[in-house]
Amino acid sequence: MKWEGNRESDNVEDRRSGGSGGGFGGGGGLGGLLGALLGSKLGVGTLVVALLGGWALGINPLTILGLLSGEGGPAPMVQQAPAQRPPADDRMARFVSTVLADTEDVWTEVFKKGGADYQQPRLVLFRGATSTACGQGQSAMGPFYCPADQKVYIDLGFYETLQKQLGAPGDFAQAYVIAHEVGHHVQNLLGISEKVQEARGRASKAEGNALSVRLELQADCFAGVWAHHANNARQLLEDGDVAEAMNAAAKIGDDALQRGSGQSVVPESFTHGSSAQRQRWFDKGLKTGSVKACDTFSARSL
């Protein structure tokens, strides 16, 4: 992916010098979360729901676990150092800033053509845990978007998980992750997220999951829309980039994650979509560059 030398976004907050630390070995990272889950009195199935539910909904899995066990209450909030810009010599932070800037350029133009103004989200870099307007965010949740504060949150250690544990390496795979979360921001601006949330409140669990799948697949499609326009404008794609993104989409499909956790594949429990579905909708956005083509809610077949 040709990204070096391109504009970097000013909408990046670096909170990595504060918080609980953690990463993958500390109490705030994946190891700490799994330890807390395994130490609970709930069954394995419930633990999987808590972990996958957190990834799906952008909610701290420990909070979900507390609600499921009847303990209730949010996890303790983590004190953070004041937000600051990433250091200039931090290559990964520069990469994320550049990808965010590219999404800003693309979506500003797309909204402009539609007669609207694009409101740029902020992106927060953190380690271990961080406070958000949606509750406490943790590394183990993976990257997520909080509509209440219009911010994308990511612990850059997730990219190590993406590469080494999920088998999805490559800089364009990493860019796809950011573009997907920005896709949720676009949905928020368009009022789609709110409508889905309202509909889920009236739906059964299975129906609510199905709505979540369509929301997530649309965000995948929007990620493809970004890649389409960014490549047309700046020729950023290199050989193998699309394959990286498609591989990443496959590795984080609900069926792949369920198999990877040793569980049976249960389509009714999907919240993000299968590997094939995630690939299909990213590819549709990439090939068409059309927001209208990403109408997963009207699609008869996903």
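A short reminder: the numbers here are calculations on the coordinates, not readings from a lab. Everything numeric here is computed off the predicted structure, so don't read it as measured data. A quick note on method: Cβ atoms are made from the backbone with ideal geometry, for glycine too, and the neighbour counts reach across all protein chains shown.
Most exposed first by the Cβ proxy, i.e. fewest other Cβ within 10 Å, how do 131, 301 rank?
With the fewest neighbours first, 131, 301 line up as 301, 131.
5 Å is the cut-off here: which amide hydrogens, built 1.01 Å from N in the peptide plane, fall below it relative to residue 123, excluding neighbours closer than 5 in sequence?
Under 5 Å from the amide H of residue 123 lie the amide H atoms of 12, 13, 152, each far enough along the sequence or on another chain.
Taking 45 Å as R0, compute the FRET efficiency from the Cβ-Cβ separation of residue 2 and residue 204 and round it to 0.05.
0.45
How about residue 287: which aspartates and glutamates have a C-alpha closer than 15 Å to its C-alpha, ignoring those fewer than 8 places off in the same chain?
Cross-link targets: 220, 241, 295.
Give me 171, 155 sorted ascending by neighbouring Cβ count inside 10 Å, so fewest comes first.
If I rank by nearby Cβ atoms, fewest first, I get 171, 155.
Report the net charge of residues surrounding residue 166, where surrounding means a beta-carbon distance below 14 angstrom and charges are Lys +1, Arg +1, Asp -1, Glu -1.
0
So how strong a dipole does the stretch 147-221 carry about its Cα centre when Lys and Arg Cβ are +1 and Asp and Glu Cβ are -1, to the nearest 20 debye?
My answer is approximately 300 debye.
Among the lysines, which have Cα under 20 Å from the Cα of residue 164 when same-chain residues fewer than 8 positions away are ignored?
251
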